[in-house]
Amino acid sequence: MIKLGVPSKGRLMEKTFEWFGNRGITLKRSGSEREYAGAVEGAEGVSLVLLSAGEIPRELAAGRIHLGVTGSDLVREKLADWDSQVTSLAPMGFGYADLIIAVPDCWADVDCLEDLDAVAHRFRATHGFRLRIATKYHRLVRDFLTRQGVADWQLVDSQGATEGTIANLTAEAIADITSSGETLRANHLKILSDGLIHQSQATLFAARAADWTGQQGDFAVLVHQLGLDAAKL
Amino acid sequence: MADKAQSRAMAARLLDAFLRAGAVEVTPDILQPAEALLDLYGEDIRARAYVTADPLRGEMMLRPDFTVPVVQAHMADGAEPARYAYAGEVFRRQDHRGAARSNEYFQAGFEIFDRADPEAADAEVFALFSNILSRLTLSATIGDMGLLRAAVDGLDTLPERKAALARHIWRPKRFQHLLARYSGQIAVPKARAELLAGARSDRPWIGLRQQGEMEARIAALQADAAAPALPAASVNALNALAALRCRADSAPDHLRALKIPALEPAIARLQRRLSALAANGIALDNLHFDASHGRSTMEYYDGFVFSFAAPDPVLPPVAIGGRYDALTRQLGQGREIPAVGGMIRAGLLADLEGVL
């Protein structure tokens, strides 16, 4: 059986069911509303596994599921060398979110990374510690700022309400996902003009570590049914 | 691949050679306080080192290198001059797969803390490594971070611009961006122009950074905008310097041909070092010079740098080293001493000696 991991609740689950439904494959939860079991109709040899979206990258990396739907931001954040562990089969066109760097709007002198870098240097000299950036996307933010040659910053972990950390004096800048920017504006923050780290969307991934023995036939049919490029795996 | 016992035996052999060369053995703890390393390297080190927590000592790291604890030990209670040697495991997180990427491996190293004659100390370390590695066919490269620093310092421009460039010598991308900005090759962004024309936010002030800090930076930006652009000739000379690769014995001539007057003291130092290397039996016509050597990978070196590399480009260098005077200043709490040293990857050396 090809195990397909899908987010177990909310909009991400509904949109995923809809995406597969549009391609002739019906995914549904079996049993009661609260039971995390699923069923697949319209595709041979595929079984549905309902999981938390945040756990799908780990399950793909371990090869416990063959296919999985989750945000591309989560895969890049949670998996080292992500494209050596999974293959991106299809961007699915929903669950859009941008991972961005934002600073207080009142910082009129900061518009881009060049400004952030210069301010970080001055901030460290004045306050005696590196400029703090609150985020839960440690790997993505660290890689981005290192690649861009920004210095004198540090990451502080923030698992929620990240936009509030600056007013609470626990960070000077944030790196977080945003779709409309409403929360940023409400918290008096602005996005750096070149501070877009990653444009995320729900994506269908295949696991390289999964046992594909004997699954190739069903997989080829599934790929054809979904209208995907089979050469990718 | 050498197993752990073979790597450890090789590290012991190297340590022995360093002790015979007059070094005293130092044995830093495997668990190092994270604070000094974080302060020195910033977030980069979190990506490369294993961080753990101790209930009494706080955040700790599994030793990612020996140089920092050796410098700390010397600055705390070392006699001068001093020669130190060490051998042991270092631990590095790896974000990428590949056989050449080890999470833990043996290093053996040798460090000199001596004020008397820095170029002689540079040559002593290099010649010692060269002799130890002489059974292998390795490609040896030297460089000198002091050249780029001197060239930046000699630019005819605002001290703030020179400080910003010097700060980013180890980050070539940002360095090039700043050069392009200061020389007018990239236009002033719209937001900067509006800021200089007086644009301010109407939103409330939030955060720890104070309004006065912003005003001070805006004043600095105004001064920057009023300053003349860096001449294209200066930028070209700096880029030509950064790109210089040649045989070591011809490096002084090539450097003088760049016609950067501020380089002269650094070129004189390079010549003294080359003479000292030759006096130690190093064949200069077989030695590569690269003015950007170690620029993006060897962050705490600020003068002489060197490496010995195997022909296979997938492998990390067998040995690297260099001068780190500024590191002793940062860790010395007000004191400093010229220091130079290097380390050999014992397991890799065992592999190569087994093959050749």
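The values are calculated or read from the model by the stated rules, or taken from the named source; none is laboratory data. None of the values given here were measured: they were computed from a predicted structure. Don't worry about glycine lacking a Cβ; one is built from the backbone with ideal geometry, like all the others, and counts go over all protein chains shown.
You will find that of A:Leu131, A:Leu50, A:Leu99, the residue that is in contact (Cβ under 8 Å) with a residue 60 or more places away in the chain and in contact with a strand residue (DSSP E or B) (Cβ under 9 Å, 6 or more places away or on another chain) is A:Leu99 and no other.
Selection of first residues in the range A:142-154 that are under 13 Å from B:Pro172 (Cβ atoms) and of second residues that are outside any helix (DSSP H, G or I) and among the acidic types (Asp, Glu), restricted to Cβ pairs under 8 Å at least 6 apart or on distinct chains, gives the following pairs, ordered by first then second residue: A:Thr146/B:Glu43. For the range B:315-336, the tally of residues that are under 18 Å from B:Arg115 (Cβ atoms), hydrophobic (A, V, I, L, M, F, W, C) and surrounded by fewer than 19 Cβ atoms within 10 Å (Cβ to Cβ) stands at 1.
Scanning for something of a type outside the set (S, T, N, Q), over 18 Å from A:Phe123 (Cβ atoms), without any contact (Cβ under 8 Å) to a residue 12 or more places away in the chain and surrounded by fewer than 18 Cβ atoms within 10 Å (Cβ to Cβ), does the range A:193-215 turn up at least one residue?
Within the range A:193-215, one or more residues are of a type outside the set (S, T, N, Q), over 18 Å from A:Phe123 (Cβ atoms), without any contact (Cβ under 8 Å) to a residue 12 or more places away in the chain and surrounded by fewer than 18 Cβ atoms within 10 Å (Cβ to Cβ).
Of A:Val119, A:Val69, all but one fail to be touching a strand residue (DSSP E or B) at 6+ places or on another chain (Cβ under 9 Å), crowded, with 22+ Cβ neighbours inside 10 Å and assigned to a strand (DSSP E or B); the exception is A:Val69.
Does the range B:322-331 contain at least one residue that is among the acidic types (Asp, Glu) and farther than 16 Å from B:Pro69 by Cα?
No - not one qualifying residue is present in the range B:322-331.
When we screen B:Arg167, B:Arg203 for residues that are at the interface with chain A (Cβ under 9 Å from one of its Cβ atoms) and either surrounded by 18 or more Cβ atoms within 10 Å (Cβ to Cβ) or within 26 Å of the chain's Cα centre (by Cα) (or both), the only hit is B:Arg167.
Okay, residues lined up against (1) more than 10 Å from chain B (Cβ to nearest Cβ); (2) surrounded by fewer than 17 Cβ atoms within 10 Å (Cβ to Cβ):
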{"position": "A:Asp111", "(1), (2)": "no, no"}
{"position": "A:Leu131", "(1), (2)": "no, no"}
{"position": "A:Asp152", "(1), (2)": "no, no"}
{"position": "A:Ile174", "(1), (2)": "yes, no"}
{"position": "A:Ile177", "(1), (2)": "yes, no"}
{"position": "A:Ser180", "(1), (2)": "yes, yes"}
{"position": "A:Leu184", "(1), (2)": "yes, no"}
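Based on this model, can you work out whether A:Gly195 counts as small (Gly, Ala, Ser), touching a helix residue (DSSP H, G or I) at 6+ places or on another chain (Cβ under 9 Å), farther than 13 Å from A:Pro104 by Cα and more than 8 Å from chain B (Cβ to nearest Cβ)? Yes: the conditions hold for A:Gly195.
Output yes when any residue across the range B:58-79 is assigned by TED's automatic domain parsing to the domain that holds B:Tyr301, among the basic types (Lys, Arg) and surrounded by fewer than 20 Cβ atoms within 10 Å (Cβ to Cβ), and no when none is. Taking every residue of the range B:58-79 in turn, none turns out to be assigned by TED's automatic domain parsing to the domain that holds B:Tyr301, among the basic types (Lys, Arg) and surrounded by fewer than 20 Cβ atoms within 10 Å (Cβ to Cβ).
So, A:Ile191, is that one modelled with pLDDT of 90 or more, in contact with a strand residue (DSSP E or B) (Cβ under 7 Å, 6 or more places away or on another chain), in a loop (DSSP other than H, G, I, E, B) and of a type outside the set (Phe, Trp, Tyr) or not? Taking the combined requirement at face value, the residue does not satisfy it.
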